[in-house]
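Trainee: Following this message is one structure expressed as structure tokens.
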Amino acid sequence: MPNVMTSQDKTERIKLKAYRALVVGGLLLVIAGALSIPFVYESQTLWYKIGLDKTFLRGGQMIGLLAAVLLFVQILLAARGKFLKELFGIAALMRWHRTNGIVISFLAVSHALLILVPEGITNLPIGKKYWPEMVGMLLLCIVVAMAVSSHFREKLRLNYKRWRAIHKLLGYLVIMFLAVHVLFVSESFEQIVPRAALLIFFAGVVISIILSKKTK
């Protein structure tokens with residue numbers, strides 16, 4: 001006898017779709033807000049650039065901010081809180097986590113290249129004066145290393161338990177390095193609105209991680 005969907009089942013399915021739409025819509029709004037920052041709150045480095053150099057630099061900033069948002073999302077996907085598990089399922093969260101890691105790595109490398117090209121690849125920002133940029137370089141190395149080790153763990157013959165422990169630790173370090181890098185690398189985040197938005201978003205991710213641990 002075929003399964004008959006009750007009115008309660010239909011209501012639950014509608015609610016599920018609505019919640020999914022809200023989550024996806026909220027993420028798209030956050031991304032849109034992040035991508036608008038280089039236009040609304042221009043950094044001083046953009047003031048002295050023209051033509052293709054300015055396009056590259058602004059594009060690099062936009063890609064960097066997109067990577068930052070996706071990095072925060074990546075941490076939430078890894079935490080797999082009860083709400084997200086019930087909304088999308090563990091299999092989907094794991095699949096998105098894996099794909100998102102590749103996307104973030106590509107964006108992070110593209111961000112670095114587009115930022116360096118207008119200044120000259122050989123003119124690397126090294127020294128105490130450029131400590132936020134150096135934090136960014138360290139962050140880039142960690143992100144790429146995490147992505148490579150995740151996809152080639154078996155070929156690299158990495159013990160799963162040891163790899164998972166290190167991967168988890170690096171994940172927490174990444175969000176701290178990310179917040180520091182974004183807050184201090186650009187004058188855009190000296191403005192109240194972008195700085196407050198970043199701190200609120202960061203706090204929200206941290207709280208979500210803590211809550212996900214308690215509800216598991």
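The values are calculated or read from the model by the stated rules, or taken from the named source; none is laboratory data. All values derive from a computational prediction rather than experimental measurement. Cβ coordinates were reconstructed from backbone atoms using ideal geometry, including for glycine residues, and neighbour counts include every protein chain displayed.
Trainee: What are the residues in the stretch 184-200 that are part of a helix (DSSP H, G or I) and either of a type in the set (Gly, Ala, Ser) or closer than 19 Å to PHE39 by Cβ (or both), if any?
Mentor: Those that are part of a helix (DSSP H, G or I) and either of a type in the set (Gly, Ala, Ser) or closer than 19 Å to PHE39 by Cβ (or both): VAL185, GLU187, SER188, PHE189, GLU190, ILE192, VAL193, PRO194, ARG195, ALA196, ALA197, LEU198.
Trainee: Restricting attention to the stretch 12-51, which residues are among the aliphatic types (A, V, I, L, M), under 25 Å from GLY136 (Cβ atoms) and touching a residue at least 60 places away in the same chain (Cβ under 8 Å)?
Mentor: VAL30, ILE37
Matching residues to (1) more than 21 Å from the chain's Cα centre (by Cα); (2) assigned to a helix (DSSP H, G or I); (3) among the hydrophobic types (A, V, I, L, M, F, W, C); (4) exposed (fewer than 14 other Cβ atoms within 10 Å of the Cβ):
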position	(1), (2), (3), (4)
LYS10	yes, yes, no, yes
ARG13	yes, yes, no, yes
LEU16	yes, yes, yes, yes
ALA34	no, yes, yes, no
PRO38	no, yes, no, no
THR45	yes, yes, no, no
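Trainee: Which condition number does ALA165 fail, the rest of (1) of a type outside the set (D, E, K, R); (2) modelled with pLDDT of 85 or more; (3) outside any helix (DSSP H, G or I) being met?
Mentor: (3)
Trainee: Here's another thing I want to ask about it. Any idea which of TYR48, TYR41, TYR19 is touching a Phe, Trp or Tyr at 6+ places or on another chain (Cβ under 9 Å), among the aromatic types (Phe, Trp, Tyr) and more than 26 Å from SER212 (Cα to Cα)?
Mentor: TYR41
Trainee: Would you be able to say whether some residue in the stretch 50-71 is surrounded by fewer than 18 Cβ atoms within 10 Å (Cβ to Cβ), aromatic (Phe, Trp, Tyr) and out of contact with any strand residue (DSSP E or B) (no Cβ under 9 Å at 6 or more places or on another chain)?
Mentor: Among the residues of the stretch 50-71, not one is surrounded by fewer than 18 Cβ atoms within 10 Å (Cβ to Cβ), aromatic (Phe, Trp, Tyr) and out of contact with any strand residue (DSSP E or B) (no Cβ under 9 Å at 6 or more places or on another chain), which makes the answer no.
Trainee: Go over the candidates LEU198, LEU211, LEU178 one by one and state the one that is touching a helix residue (DSSP H, G or I) at 6+ places or on another chain (Cβ under 9 Å), surrounded by 17 or more Cβ atoms within 10 Å (Cβ to Cβ), closer than 25 Å to LEU84 by Cα and touching a residue at least 40 places away in the same chain (Cβ under 8 Å).
Mentor: LEU178
Trainee: Identify all residues within the stretch 164-202 that are of a type in the set (Lys, Arg) and either closer than 22 Å to GLU42 by Cβ or over 17 Å from the mean Cα position of the chain (by Cα) (or both); write none if there are none.
Mentor: Result: ARG164, ARG195.
Trainee: Tell me, please, whether a residue that is touching a Pro at 6+ places or on another chain (Cβ under 7 Å) and of a type in the set (Val, Ile, Thr) can be found in the stretch 24-37.
Mentor: yes
Trainee: When you scan the stretch 129-137, do you find a residue that is surrounded by fewer than 13 Cβ atoms within 10 Å (Cβ to Cβ) and either in contact with a Gly (Cβ under 8 Å, 6 or more places away or on another chain) or modelled with pLDDT of 90 or more (or both), even just one?
Mentor: Within the stretch 129-137, none of the residues are surrounded by fewer than 13 Cβ atoms within 10 Å (Cβ to Cβ) and either in contact with a Gly (Cβ under 8 Å, 6 or more places away or on another chain) or modelled with pLDDT of 90 or more (or both).
Trainee: Now, a different point. Scan LYS54, LYS49 and give me the residue that is more than 20 Å from ILE192 (Cβ to Cβ) and part of a helix (DSSP H, G or I).
Mentor: LYS54
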